[in-house]
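**Q** To start, I am sharing the structure in question, which I have written as structure tokens.
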Amino acid sequence: MKMTDEHEAQKKAIYEKMAPRRRKFVDRIGYDRWNPFAEPKEPIEWRTDGTKRTTQQLVREYLQNHAPEKYSNAYGQGVLEMCLGMVNGDERYIGMYEFSRWYAAELEKHNIDINDYMP
């Protein structure tokens with residue numbers, strides 16, 4: 001990294017004003033390699049699904065609109081786990097989703113409501 005004379009002077013001034021403990025860190029990585037003018041890192045990439053919603057948004061919307069009135073922690077955890085798996089494209093959850101769709105169609109063929117069905 002090439003620095004202008006002005007940047008080099010600013011770098012030296014910053015180093016001299018540092019506390020001894022902070023200087024020790026700079027000395028450990030090397031004064032020449034240290035860049036107090038480094039660009040900030042890119043922000044975290046928030047993973048979204050095809051509808052441009054985060055898992056948190058999807059889970060909240062589902063639980064507000066489709067979950068039973070009194071659902072258990074296990075139910076909510078299952079929704080979250082399924083959502084994370086689907087958004088991340090995990091094959092395990094894709095298989096679970098495809099089976100769920102198939103099974104729902106099977107129950108419908110036999111006029112069975114999943115909410116009434118208790119094995």
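The values are calculated or read from the model by the stated rules, or taken from the named source; none is laboratory data. All of these numbers come straight from a predicted model, not from anything done at the bench. Note that we place each Cβ from the backbone using ideal geometry, even for glycine, and neighbour counts take in every protein chain shown. Side chains included, ligands, DNA and RNA excluded: accessible areas come from the protein's heavy atoms. Shrake-Rupley method; radii C 1.70, N 1.55, O 1.52, S 1.80 Å.
**Q** Counting pairs on different chains as well as pairs 8 or more places apart, how many Lys pairs in the chain have Cα atoms under 18 Å apart?
**A** 4
**Q** Now, a different point. What number comes out for accessible area per residue over the chain if the probe is 1.4 Å? Units Å², please.
**A** 89
**Q** Tilt of helix 20-29 relative to the longest C-alpha principal axis of the chain, in degrees (0 to 90, nearest 10)?
**A** It works out to around 80 degrees.
**Q** Binned at 5 Å from 0, what are the whole-percent values of the Cα-Cα distance distribution for the stretch 45-100, short to long?
**A** 4, 20, 26, 26, 17, 6, 1
**Q** So if R0 is 41 Å, what FRET efficiency would Ile112 and Asn88 give, r being the distance between their Cβ atoms, rounded to the nearest 0.05?
**A** The calculated FRET efficiency here is 0.80.
**Q** Please state the charge dipole magnitude for the chain, taken about the Cα centre, from unit charges on C-beta atoms (+1 on K and R, -1 on D and E), reported in debye and rounded to the nearest 20.
**A** In debye, rounded to 20, the chain gives about 1020.
**Q** Could you give the angle, 0 to 90 degrees to the nearest 10, between helix 73-87's Cα long axis and the longest principal axis of the Cα atoms of the chain?
**A** 70
**Q** Against the longest principal axis of the chain, how steep is helix 91-109, in degrees 0 to 90 to the nearest 10, with axes from Cα atoms?
**A** The two axes meet at around 20 degrees.
**Q** Right, something else. Can you tally the net charge around Ala104? Count Lys and Arg as +1, Asp and Glu as -1, for every other residue whose Cβ sits under 12 Å from the Cβ of Ala104.
**A** Within the 12 Å Cβ shell, the charges total -2.
**Q** Compute the normalised compactness of the stretch 22-119: alpha-carbon radius of gyration over 2.2 N^0.38 Å, N being the residue count.
**A** This ratio for the stretch 22-119 stands at 1.86.
**Q** How large a share of the accessible area of the chain, in percent, is made up of carbon and sulfur atoms when the probe is 1.4 Å and the other protein chains stay in place?
**A** Carbon plus sulfur share of accessible area: 52 percent.
**Q** May I ask for the net charge around Arg23, where only other residues with Cβ less than 11 Å from the Cβ of Arg23 are counted and Lys, Arg are +1 while Asp, Glu are -1?
**A** Net of charged neighbours comes to +3.
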